[in-house]
Amino acid sequence: MAQKAIREFDAKSILAKHWDKYFPNFTYAYETVMVQNGTELTNAAKEKTWLSKKTLVAKPDMLFGKRGKNGLVLFKDSKPGDVSLAKASSWIDEKSSSKQSVYFSFEGDTPHGEAKVDMLTHFIVEPFTPHSQEEEYYISATCVGDNDVLYMSAEGGMEVEENWDKVVEVAFPITATEEEIAEKIKKSIPKDVAAKDKDAFAEFAIGFFKAYRELNFAYLEINPFVLQGKKIELLDMVAKLDDTAGFMMRDEWGDVDYPTSFGMEEKSPEVLAIEDADSKSGASLKLTILKPEARIWTMVAGGGASVVYADTIADLAGIEDLANYGEYSGGPTTSETKFYAETILDLMTRSKDAKGRDKVLIIGGAIANFTDVAKTFTGIIQAFDNYADKMKEVGIKIYVRRGGPNYEKGLKDIKEAADRLGLYIEVYGPETHVTDIVRMALTK
């Protein structure tokens, strides 16, 4: 399962879109907006009139927690007086105007460890929900080993980690039926849940777990949610999606953004393009650019093989010579493989090696189970046709090792294509050890 974190705004939007299916007996107002500055918030109020009429809460929405302890939540009790539209707009402009320091670990209320420093660019704004602490609850679900695990607690809020001994964990095998899941949840409701809320808590937890599974969340947490009879408010959410299901969940998820975490370097257009292609495919297309000026590039079929090749290159050449990390696997189409290969070749041919050496392209992989090697190699050959002149100008040597269905034809075709285009290539099948081409390339 490949997990991708999403914004709180998107997590709430997905759940709200399917609310009636999973929580038919509960109400959820879903009054929430995401903005980048105060002007956007003021403009949003023209359509969403509740922004002008209600007391508000504002906070960054950038994939980090502990926002309250970092002083990055504006709400009614944080400063005297209610938080109006004008006050929220001003606060957002203040926090987004300069870099902010964010701590990810605390001992009590004291920051622990180093802070990350970056700009705050996205904020979520919602109405303030009056409630008592006794109405705050915690719930989350994720995959642990072969089971899905539901976590429930009557101790919601910022201190849930400090009170983890009060969290009830309930594991469900993939084969568990809806009836078995519902029965087990009802029997596992935390004892500290108020007696008046137990039935409603159980009903909500059953719907929550079903939504987690059917909407292909890899992780889903609400901390806290406020339960007031049959009224639910989702005060804070953290979510990750199983992006291997992205190609079949586009309608269910809608237009979801996969942002870079706070303090991390922004993703390049090439990486974003591969992520977009991956989200539309049943295959797996992954790319991480480590050092674009390095001389060794890889096109590896298979997630496990990509790790082995990266480790081997790091051992034999040093990590500073490895330009990228990634994979194409799961039976990609010819056009998908062509797009992936052209992305690699475009990056690889932008400049010559600073030390005047030939660059190396490793096209490797183990023995495929079901991927048609000839079909994927056809896509790579088409990319060679488009980039051959640039490849020769920069100086690229290609080393291929592959096995699997139709591999003989694939190896023959790619060798003939490279020879026709005047490209240096060495081609090997499954008789050669999976990473021997790395040693061959670096020795030469």
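Points worth noting:
- In the stretch 393-425, residue farthest from ILE296 (Cα to Cα) [restricted to those that are open to solvent by less than 20 Å² (accessible area, probe 1.4 Å) and of a type in the set (D, E, K, R)]: ARG402
- Looking across the stretch 152-193, just one residue is in a strand (DSSP E or B) and among the hydroxyl-bearing types (Ser, Thr, Tyr), and that is SER153.
- Taking each residue of the stretch 268-296 that is at negative phi and looking for partners that are buried (at least 19 other Cβ atoms within 10 Å of the Cβ) and among the basic types (Lys, Arg) with beta-carbon atoms closer than 8 Å, six or more apart or interchain, yields ILE274/LYS286; ASP278/LYS286; ARG295/LYS359; ILE296/LYS359.
- Considering the stretch 120-151, and only residues there that are in contact with a Pro (Cβ under 7 Å, 6 or more places away or on another chain) and outside any loop (DSSP other than H, G, I, E, B), the residue that is nearest to MET264 (Cα to Cα) turns out to be PHE123.
- Here TYR212 fulfils each of the conditions (1) touching a strand residue (DSSP E or B) at 6+ places or on another chain (Cβ under 6 Å); (2) at pLDDT below 95 apart from (2).
- Of the criteria (1) within 14 Å of ALA301 (Cβ to Cβ); (2) out of contact with any helix residue (DSSP H, G or I) (no Cβ under 8 Å at 6 or more places or on another chain); (3) open to solvent by less than 20 Å² (accessible area, probe 1.4 Å), which one GLY330 fails: (3)
- Meets criteria (touching a residue at least 24 places away in the same chain (Cβ under 8 Å), small (Gly, Ala, Ser) and open to solvent by 20 Å² or more (accessible area, probe 1.4 Å)) for ALA195: no
- Of all residues in the stretch 234-256, those satisfying the criterion of being out of contact with any Pro (no Cβ under 6 Å at 6 or more places or on another chain), surrounded by 14 or more Cβ atoms within 10 Å (Cβ to Cβ) and not in a helix (DSSP H, G or I) are LEU234, ASP236, MET237, VAL238, ALA239, LYS240, LEU241, ASP242, MET249, VAL256.
- Scanning the stretch 101-117 for residues that are of a type outside the set (Gly, Ala, Ser) and surrounded by fewer than 18 Cβ atoms within 10 Å (Cβ to Cβ) yields TYR103, PHE104, PHE106, GLU107, ASP109, THR110, PRO111, HIS112, GLU114, LYS116, VAL117.
- SER284 being surrounded by fewer than 19 Cβ atoms within 10 Å (Cβ to Cβ), closer than 22 Å to THR244 by Cα and of a type in the set (Gly, Ala, Ser): no
- Answer residue from the stretch 216-233, given it is open to solvent by less than 10 Å² (accessible area, probe 1.4 Å) and more than 15 Å from the chain's Cα centre (by Cα) and is farthest from ASN324 (Cα to Cα) among those: LEU227
- Here HIS131 meets the list (1) in contact with a His (Cβ under 8 Å, 6 or more places away or on another chain); (2) open to solvent by less than 70 Å² (accessible area, probe 1.4 Å); (3) of a type outside the set (A, V, I, L, M) almost entirely, failing just condition (1).
- As a summary of the residue check, PRO259 satisfies the conditions (1) surrounded by fewer than 20 Cβ atoms within 10 Å (Cβ to Cβ); (2) outside any loop (DSSP other than H, G, I, E, B) except for the one numbered (2).
The values are calculated or read from the model by the stated rules, or taken from the named source; none is laboratory data. Owing to the predicted nature of the structure, the values given are computational and were not obtained by experimental measurement. Here the Cβ is made from the backbone with ideal geometry for all residues, glycine too, and neighbour counts use every protein chain on show. Just so you know, the surface numbers come from the protein's heavy atoms only, side chains and all, with ligands and any DNA or RNA stripped out. Shrake-Rupley method; radii C 1.70, N 1.55, O 1.52, S 1.80 Å.
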